[in-house]
């Protein structure tokens, strides 16, 4: 074992959170080393971005590289429940900001960000796993890593940014994991060919179909002609479908008339569909002496409103700037300047996730003659602008969502 490198910052994970943080800190003059357990390209869930991500991509210097890939532009989100439709266009949102984003095959998107980081001069080591971390009283650290051949080395750093996502490196090593308040759910999904796609199918937006009040379906078209289709619901819902994953998936497609019409004759792009289950998890704290957690390693809620990459990118953007300040000798209040605002954003998304699954948002989304001003404010939330305190559906998110739903229910019952 030998000291491999001494750097200002070690970043764990080369996903969007890790690469955005690494590029911002590198551009700020710090030496950065990224270690990534997987080999890229690799698949991960979270293919429909939100406009708020664009600000982080722009500040990190990664935006133009993504633009060059010509991913499918995303202008909004449509929710469909039988004959009822609720259509959000980001151009009508309350908050000033980006009014569009992308729908991306994550394997290609994540590799694009990582490759651009390397072009900037950020060192990335793939297939390299963190096995131990020792942090001194002054916040400096010695991190033991192991490569694919079993060779172990130590990286010395002044600070660690853990953007390891589902790997949750520091929470696992330091015993910081905490049970999420959200119930366990399961997803079954695949990429499919989409030969019947036309403008009528609106490729410039994600479409969420309500299969039943507890189960929903995402349809995310990509610019390469394929489309991601996934079912999300209680684990018990999937028990009624027997056979292989492919057989189960085809039964699910056939059970939703709109999808059977569009994808009944489509081919699976992957050898078989994939599943993900019980993903909701959080941690005791998002920071500590000499480290900060970013992205899904802090808390992952649910894919229904595509919050994952937004929380990952914004947390990375925020944390990277604080690390720059601290390593340049400034005093940083990590609780007030990082964890509190991140928790605020997570809590806003959590309200909308919970309100989706308990049916509260159905009352709002599928109401007759919805108020344009209110829907504009909710549109901003769905665009990822969950830190805009001028938006009453952000500032008083839980109260206003519940109050509005009760009002609409009263109106409906009085008719």
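Observations on the structure shown:
- Qualifying residue in the stretch 365-382 (condition: over 15 Å from residue 77 (Cβ atoms), in contact with a strand residue (DSSP E or B) (Cβ under 9 Å, 6 or more places away or on another chain) and either surrounded by 16 or more Cβ atoms within 10 Å (Cβ to Cβ) or assigned by TED's automatic domain parsing to the domain that holds residue 52 (or both)): yes
- Sole residue being within 30 Å of residue 388 (Cα to Cα) and at pLDDT 95 or above, chosen from 293, 268, 252: 293
- Out of 402, 350, sole residue that is touching a residue at least 24 places away in the same chain (Cβ under 8 Å) and either surrounded by 20 or more Cβ atoms within 10 Å (Cβ to Cβ) or not in a helix (DSSP H, G or I) (or both): 350
- Some residue of the stretch 269-278 being within 27 Å of residue 22 (Cβ to Cβ), touching a residue at least 40 places away in the same chain (Cβ under 8 Å) and not in a loop (DSSP other than H, G, I, E, B): yes
One line per residue, one yes/no per condition, for (1) more than 30 Å from residue 143 (Cβ to Cβ); (2) loosely packed, with under 15 Cβ neighbours inside 10 Å:
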site: 46; (1), (2): no, no
site: 50; (1), (2): yes, no
site: 53; (1), (2): no, no
site: 73; (1), (2): yes, yes
site: 77; (1), (2): yes, no
site: 80; (1), (2): yes, no
site: 85; (1), (2): yes, yes
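- Residue within the stretch 28-39 that is crowded, with 17+ Cβ neighbours inside 10 Å, touching a residue at least 12 places away in the same chain (Cβ under 8 Å) and at positive phi present: no
- Candidate set from the stretch 383-399 (those that are part of a loop (DSSP other than H, G, I, E, B) and free of Cβ contacts under 8 Å to residues at least 24 places away in the same chain); member that is surrounded by the most Cβ atoms within 10 Å (Cβ to Cβ): 396
To keep it simple, each residue is scored yes or no on (1) modelled with pLDDT under 95; (2) surrounded by fewer than 20 Cβ atoms within 10 Å (Cβ to Cβ); (3) outside any loop (DSSP other than H, G, I, E, B); (4) under 26 Å from the mean Cα position of the chain (by Cα).
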| site | (1), (2), (3), (4) |
| --- | --- |
| 118 | no, yes, yes, yes |
| 138 | no, yes, no, no |
| 161 | no, no, yes, yes |
| 172 | yes, yes, yes, yes |
| 192 | no, no, yes, yes |
| 216 | no, no, yes, yes |
| 228 | no, no, yes, yes |
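- Residue match in the stretch 240-248 (condition: out of contact with any strand residue (DSSP E or B) (no Cβ under 7 Å at 6 or more places or on another chain), at pLDDT below 90 and within 28 Å of residue 86 (Cβ to Cβ)): no
- Hits in the stretch 365-415 - residues which are on the phi > 0 side of the Ramachandran plot and modelled with pLDDT of 95 or more: 384
- From the list 130, 154, the one residue that fits, being surrounded by 15 or more Cβ atoms within 10 Å (Cβ to Cβ), touching a helix residue (DSSP H, G or I) at 6+ places or on another chain (Cβ under 8 Å) and either in the same structural domain as residue 312 (by TED's automatic domain parsing) or part of a helix (DSSP H, G or I) (or both), is 130.
- Only helices (runs of 4 or more DSSP H) whose full extent lies in the stretch 1-85 are considered here, and the ones with at least 2 residues that are more than 22 Å from residue 294 (Cβ to Cβ) and out of contact with any helix residue (DSSP H, G or I) (no Cβ under 8 Å at 6 or more places or on another chain) are 63-67.
- Odd one out for residue 70 among (1) in the same structural domain as residue 40 (by TED's automatic domain parsing); (2) at negative phi: (2)
- So residue 236, is it more than 17 Å from the chain's Cα centre (by Cα), buried (at least 16 other Cβ atoms within 10 Å of the Cβ) and outside the structural domain of residue 70 (by TED's automatic domain parsing): no
So that you can scan it fast, the table gives a plain yes or no per residue for (1) within 23 Å of the chain's Cα centre (by Cα); (2) within 17 Å of residue 98 (Cβ to Cβ):
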position: 308; (1), (2): yes, no
position: 311; (1), (2): yes, yes
position: 320; (1), (2): yes, no
position: 325; (1), (2): no, no
position: 346; (1), (2): yes, no
position: 352; (1), (2): yes, no
position: 381; (1), (2): yes, yes
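- Test: residue 187 is surrounded by fewer than 19 Cβ atoms within 10 Å (Cβ to Cβ) and either under 23 Å from the mean Cα position of the chain (by Cα) or touching a residue at least 24 places away in the same chain (Cβ under 8 Å) (or both): no
- Selection count where residues are surrounded by 13 or more Cβ atoms within 10 Å (Cβ to Cβ) and not in a strand (DSSP E or B), scope the stretch 194-212: 7
The values are calculated or read from the model by the stated rules, or taken from the named source; none is laboratory data. The structure displayed is predicted, hence computed values, not measured ones. Glycine also receives a Cβ, built like all others from the backbone with ideal geometry; neighbour counts cover every protein chain displayed.
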